[in-house]
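First comes the structure, then the notes that go with it.
The numbers here are math on the coordinates, done by the rules we state, and not lab data. Everything numeric in this text was worked out from a predicted model, so none of it was measured. No Cβ is skipped: glycine too gets one built from the backbone with ideal geometry, and neighbour counts run over all protein chains shown.
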Amino acid sequence: MTTPPAGTGRQLLDADEARVARASRELTKIAAALVSRPMDRGLHEQMRAFLDRESEASLASWDVLLQRTPDQLKERISTVLTVQALRTAS
């Protein structure tokens, strides 16, 4: 399920990292909205749709990320921050 880590190419995150990031943003958005509107049917539909469409793949990607060693995680963080800084500077 995972792809090789991104270097300085167009994609900054690998497929699993990007999937987990997207899922985290979407779930956080839904959860925050549920705090103020807990009985909003539209929010419940969004949550169900996310669970039906994205949850299994997101959880599988999360499992892939959890298998990384601390050294692998540090290397990815370093790579992502370096590439991001280079992109910002250019």
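With θ set to phi - 60° and the Karplus curve 6.51 cos²θ - 1.76 cosθ + 1.60, what are the ³J(HN,Hα) couplings of the range 73-90 in order, to the nearest whole Hz, using x for Gly and Pro?
In residue order, the calculated couplings are 5, 4, 5, 5, 4, 4, 4, 4, 5, 5, 5, 4, 5, 5, 5, 5, 6, 8 Hz.
Helix 15-36 against the longest principal axis of the chain: what's the angle in degrees, Cα atoms only, rounded to the nearest 10?
30 degrees
Quick one: putting +1 on the C-beta of Lys and Arg, -1 on the C-beta of Asp and Glu, what dipole do you get for the chain around its Cα centre, in Debye to the nearest 20?
On the way: 13 positive and 12 negative charges, 68 e Å.
Dipole of the chain, to the nearest 20 debye: 320 debye.
Which label belongs to the value computed from this structure, given these candidates for percent of Cα pairs over 22 Å apart: (1) 34; (2) 42; (3) 67?
Structure-derived value, by its label: (2).
Grab the beta carbon distance between Ser90 and Trp62, set R0 = 30 Å, and tell me the FRET efficiency rounded to 0.05.
Taking R0 as 30 Å, the efficiency between Ser90 and Trp62 is 0.40.
Using each residue's phi in the range 54-66, evaluate 6.51 cos²θ - 1.76 cosθ + 1.60 at θ = phi - 60° and report the 3J(HN,Hα) Karplus result to the nearest Hz, with x for Gly and Pro.
Using θ = phi - 60°, the values come out as 10, 5, 4, 5, 5, 5, 5, 5, 4, 4, 4, 5, 5 Hz.
What net charge do the residues around Ser24 carry, taking every other residue with its C-beta under 13 Å from that of Ser24, with Lys and Arg at +1 and Asp and Glu at -1?
Around Ser24, the surrounding residues sum to 0.
Helix-only estimate, please: 222 nm mean residue ellipticity of the chain, summing -39500 (n - 2.57) across DSSP H runs of length 4 or more and dividing by its residues, to the nearest 500. Before the final figure, lay out each step's value.
On the way: 4 runs with 67 residues, N = 90.
After summing the helix terms and dividing by residue count, I get -25000 deg cm²/dmol.
Can you give the extra length, in nm with one decimal, that the chain gains between Lys74 and Gln11 once fully stretched, where that is 0.36 nm per residue apart less the Cα-Cα distance?
Working: separation 63, 0.36 × 63 = 22.68 nm, distance 1.86 nm.
Taking Lys74 through Gln11 to full extension adds about 20.8 nm, to one decimal.
Tilt of helix 41-53 relative to the longest C-alpha principal axis of the chain, in degrees (0 to 90, nearest 10)?
Orientation of helix 41-53: about 40 degrees from the principal axis.
Under a Cβ-Cβ cut-off of 10 Å, what is the net charge of the residues other than Leu65 that fall near it, where Lys and Arg count +1 and Asp and Glu count -1? Could the numbers behind the result be given before it?
Numbers: positive: Arg19, Arg68, Arg76; negative: Asp14, Asp16, Glu17, Asp63.
Computed value for this residue: -1.
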